[in-house]
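Worksheet for the structure shown next.
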Amino acid sequence: MGTKNKTAITPTREEDYAQWYQEVIKASDMAENSPVRGCMVMKPWGYAIWENIMNQMDAEFKKTGVKNAYFPLFIPLSYLEKEAEHVEGFAKECAVVTHHKLEKGKDGKLVPAGELAEPLIVRPTSETIIGESMSRWTSSYRDLPILLNQWANVVRWEMRTRMFLRTSEFLWQEGHTAHATKQEAVQRTMQMLDLYAEFVEKCLAMPVIKGRKTISERFPGADDTTCIESMMQDRRALQAGTSHFLGQNFAKGSDIRFQNEDGQEQYAWTTSWGTSTRMIGGMIMVHSDDDGLVVPPRIAPAHVVILPIIKKGDDNTKVLESAKALKAALQAKKFYGRAVEVEIDDRDIGGARGWDWVKKGIPLRVELGPRDIANNTVFMARRDMPASQKQSMDQEVFINTISEILDSIQQNLFDRALAFQKANTFHIDTRQEFYDLYKNTKGAHNGAFVFSHWCGSRACEEQIKKDLSVTIRCIPFDSPKEHGQCICCEKASEQRVLFAKAY
RNA sequence: CGGGAUGUGGCUCAGUCUGGUAGAGCACAGCGUUCGGGACGCUGGGGUCGGAGGUUCAAAUCCUCUCAUCCCGACCA
């Protein structure tokens with residue numbers, strides 16, 4: 001079949017962005033849908049990315065004094081009720097456990113039996129159950145701060161699901177801290193947001209915009225929700241991480257009290273912050289192309305695949321030996337704190353072999369054949385460059401500069417994403433222009449990031465959401481104070497906010 | 001929960017209107033020719049047609065019920 005000039009993924013981003021996304025995941029062998037509605041199976045290539053995210057983020061958390069712990073999957077229903085807004089936010093999507101065993105029914109099929117005295121919910125988040133522990137651990141200001149994190153799964157029953165972006169069960173990390181003063185808690189909220197921003201930009205190579213959520217977009221029960229927003233290739237925004245200042249709301253609900261230095265009893269100030277496997281969805285949508293996944297080297301499951309050129313009938317032992325030697329030499333090198341990870345693929349499946357790895361997004365493909373061995377070279381292809389730009393390279397040089405090459409790919413991916421974001425970000429000052437931009441957007445062109453003035457009213461926010469499905473993603477921290485008119489009602493405004501269609 | 005559809009090998013689907021022995025492409029396995037941009041030929045394995053009931057000499061096809069999934073409308077990391 002003559003398949004030249006075709007893209008590895010059909011449809012392309014332009015043709016059908018949503019379908020393209022699903023195909024990239026399938027073609028890269030990262031994950032698949034599970035027989036359980038709304039859930040997914042993460043396969044090794046996808047899970048390895050999560051493992052790399054966990055390892056690197058975990059180390060960063062610990063540098064700030066955070067310790068890991070683990071709290072139960074099941075939360076007594078009554079706990080959820082301790083914080084009014086919290087119930088409001090999560091009640092609609094809670095999985096509820098009401099029975100503790102199965103019995104054979106009349107038709108021989110298993111039916112739930114043994115009804116629980118109090119139903120348990122499967123955690124949608126853990127503020128309430130961690131709060132309960134914190135209340136028992138806290139009696140003096142000397143017990144504070146408490147700085148905890150847990151890596152866990154959570155369940156939020158979703159109507160419409162998409163792999164990595166929204167599934168009923170997902171993996172995440174949730175940090176929970178309690179402090180003696182408001183200032184300290186606010187500081188921690190910002191510290192973790194900064195940590196997220198740095199991680200996402202440095203490791204996932206995704207440029208982010210830091211800011212504060214509007215009241216309507218706040219985490220249920222929070223006094224302040226901050227976030228990092230990133231632009232996907234269809235110009236929609238994805239929240240890649242979020243950090244909440246919870247004030248004393250949860251401390252009051254869970255009774256987290258302590259005596260201060262003056263002997264007075266006070267409620268603690270708490271924070272929570274989280275990132276999830278959703279980041280992987282973001283990474284896919286920011287970097288991948290019509291030939292499949294593109295993974296930034298710093299979180300790639302493997303950095304290099306060696307493709308030995310094997311001919312049947314020839315003596316291939318030399319080629320295979322050289323491949324193994326090259327692998328060993330590369331593995332002895334370090335990249336961003338871990339050994340360079342190398343795969344050898346000697347499957348006899350012709351040209352499809354190379355494409356498999358293109359679709360998996362491995363940063364470097366290296367062909368190694370008799371000609372290379374004779375010349376002491378390798379034939380190298382970078383995933384961030386067109387596949388036609390393969391180049392021959394001295395083997396020693398390749399081995400000794402592997403770390404630089406991977407860094408250059410990492411940097412290139414970030415630069416590219418940032419350039420795209422900037423090219424699709426506008427300042428708009430009239431309602432007409434604003435509506436025109438978003439009105440007829442679809443597919444891979446879901447508008448843009450738009451910085452416009454907003455009066456601060458809920459009504460205007462709602463109106464725009466209703467008319468255009470466009471929301472205020474955040475009030476950016478670095479947005480300068482300036483006088484202007486609300487894009488919706490034309491009342492006076494002091495600051496521009498970030499509008500976009502959101503995931 | 002309202003509206004629309006679809007259930008046939010691992011995947012994508014044809015066949016259903018007009019009942020007559022279960023099909024194709026891809027994938028998979030074997031052999032051979034290939035191999036530094038997605039190869040080809042031959043051979044082969046694999047399906048109680050979502051489930052239950054009914055009509056009929058005969059049901060993937062017609063009828064009834066049921067289950068499941070997907071798409072579209074109100075929320076969310």
Problem set entry | The lone exception for residue A:194 - which of (1) crowded, with 21+ Cβ neighbours inside 10 Å; (2) within 28 Å of residue A:411 (Cβ to Cβ); (3) modelled with pLDDT of 95 or more it fails | (1)
Exercise. Going through segment A:41-59 one residue at a time, which ones are hydrophobic (A, V, I, L, M, F, W, C) and either in contact with a strand residue (DSSP E or B) (Cβ under 8 Å, 6 or more places away or on another chain) or surrounded by 15 or more Cβ atoms within 10 Å (Cβ to Cβ) (or both)?
Worked result: A:41, A:42, A:45, A:48, A:49, A:50, A:53, A:54, A:57
For this session: Please determine, by comparing only the residues of segment A:295-314 that are part of a loop (DSSP other than H, G, I, E, B) and β-branched (Val, Ile, Thr), which one is farthest from RNA strand B (Cβ to nearest atom).
Result: A:295
Problem set entry | Some residue of segment A:159-171 being touching a strand residue (DSSP E or B) at 6+ places or on another chain (Cβ under 7 Å), within 22 Å of residue A:245 (Cα to Cα) and aromatic (Phe, Trp, Tyr) | no
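Yes/no matrix, rows are residues, columns are (1) surrounded by 20 or more Cβ atoms within 10 Å (Cβ to Cβ); (2) within 25 Å of residue A:212 (Cβ to Cβ); (3) outside the structural domain of residue A:229 (by TED's automatic domain parsing):
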residue	(1), (2), (3)
A:386	no, no, yes
A:450	yes, yes, yes
A:456	no, yes, yes
A:470	yes, yes, yes
A:473	yes, yes, yes
A:478	no, yes, yes
A:483	no, yes, yes
A:489	no, yes, yes
Exercise. Of a type in the set (Phe, Trp, Tyr), within 25 Å of residue A:219 (Cα to Cα) and out of contact with any helix residue (DSSP H, G or I) (no Cβ under 9 Å at 6 or more places or on another chain) - does that describe any residue in segment A:445-467?
Worked result: yes
Seminar exercise, completed: Within segment A:464-486, residues being away from RNA strand B (no atom under 13 Å from the Cβ) and either at pLDDT 95 or above or out of contact with any Phe, Trp or Tyr (no Cβ under 9 Å at 6 or more places or on another chain) (or both) number 11
Problem set entry | Complete set of residues in segment A:42-67 that are among the aliphatic types (A, V, I, L, M) and assigned to a loop (DSSP other than H, G, I, E, B) | A:66
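For (1) more than 30 Å from residue A:334 (Cα to Cα); (2) loosely packed, with under 15 Cβ neighbours inside 10 Å, each residue gets a yes or a no:
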residue	(1), (2)
A:413	no, no
A:420	yes, no
A:424	yes, no
A:428	yes, no
A:436	yes, yes
A:440	yes, yes
A:453	yes, no
Problem set entry | segment A:225-247, residues that are of a type in the set (Phe, Trp, Tyr) and within 13 Å of RNA strand B (Cβ to nearest atom) | none
Exercise. Before we move on, is residue A:324 in contact (Cβ under 8 Å) with a residue 12 or more places away in the chain, basic (Lys, Arg) and more than 16 Å from RNA strand B (Cβ to nearest atom)?
Worked result: yes
Exercise. If you check every pair at least six apart or on different chains, which have Cβ atoms under 7 Å apart with a residue in segment A:68-96 that is in a helix (DSSP H, G or I) first and a residue that is away from RNA strand B (no atom under 16 Å from the Cβ) and of a type in the set (A, V, I, L, M, F, W, C) second?
Worked result: A:77/A:120; A:79/A:129
Exercise. Does residue A:94 count as within 16 Å of RNA strand B (Cβ to nearest atom), among the hydrophobic types (A, V, I, L, M, F, W, C) and closer than 30 Å to residue A:442 by Cα?
Worked result: no
Problem set entry | Single unsatisfied condition, residue A:334 versus (1) buried (at least 16 other Cβ atoms within 10 Å of the Cβ); (2) modelled with pLDDT of 95 or more; (3) within 28 Å of the chain's Cα centre (by Cα) | (1)
Problem set entry | Matching option when the condition is buried (at least 24 other Cβ atoms within 10 Å of the Cβ) and either within 11 Å of RNA strand B (Cβ to nearest atom) or of a type in the set (Phe, Trp, Tyr) (or both), among A:251, A:205, A:222, A:268 | A:222
Problem set entry | Test for residue A:135: is it in the same structural domain as residue A:52 (by TED's automatic domain parsing) and either over 21 Å from residue A:244 (Cα atoms) or of a type in the set (D, E, K, R) (or both) | no
Exercise. Can you tell me which residue in segment A:390-440 is modelled with the lowest pLDDT, limited to those that are over 30 Å from residue A:298 (Cα atoms) and aliphatic (A, V, I, L, M)?
Worked result: A:437
Problem set entry | Qualifying positions in segment A:141-178 - within 13 Å of RNA strand B (Cβ to nearest atom), surrounded by 19 or more Cβ atoms within 10 Å (Cβ to Cβ) and of a type in the set (S, T, N, Q) | A:167, A:168, A:173
Seminar exercise, completed: Expected single match for more than 16 Å from residue A:358 (Cα to Cα), aliphatic (A, V, I, L, M), out of contact with any helix residue (DSSP H, G or I) (no Cβ under 8 Å at 6 or more places or on another chain) and more than 12 Å from RNA strand B (Cβ to nearest atom) among A:41, A:36 is A:41
For this session: Please indicate, with yes or no, whether at least one residue in segment A:106-119 is in contact with a helix residue (DSSP H, G or I) (Cβ under 9 Å, 6 or more places away or on another chain) and either more than 13 Å from RNA strand B (Cβ to nearest atom) or assigned by TED's automatic domain parsing to the domain that holds residue A:283 (or both).
Result: yes
Exercise. With (1) within 11 Å of RNA strand B (Cβ to nearest atom); (2) in contact with a strand residue (DSSP E or B) (Cβ under 6 Å, 6 or more places away or on another chain); (3) within 20 Å of residue A:362 (Cβ to Cβ) as the list, and residue A:292 as the residue in question, which single condition is left unmet?
Worked result: (2)
For this session: Filter segment A:107-136 down to residues that are at pLDDT below 90 and outside any strand (DSSP E or B), then give me how many there are.
Result: 3
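The values are calculated or read from the model by the stated rules, or taken from the named source; none is laboratory data. Given the structure is predicted, the values throughout are model-derived calculations rather than measurements. Virtual Cβ from ideal backbone geometry, glycine too; neighbours counted across all protein chains shown.
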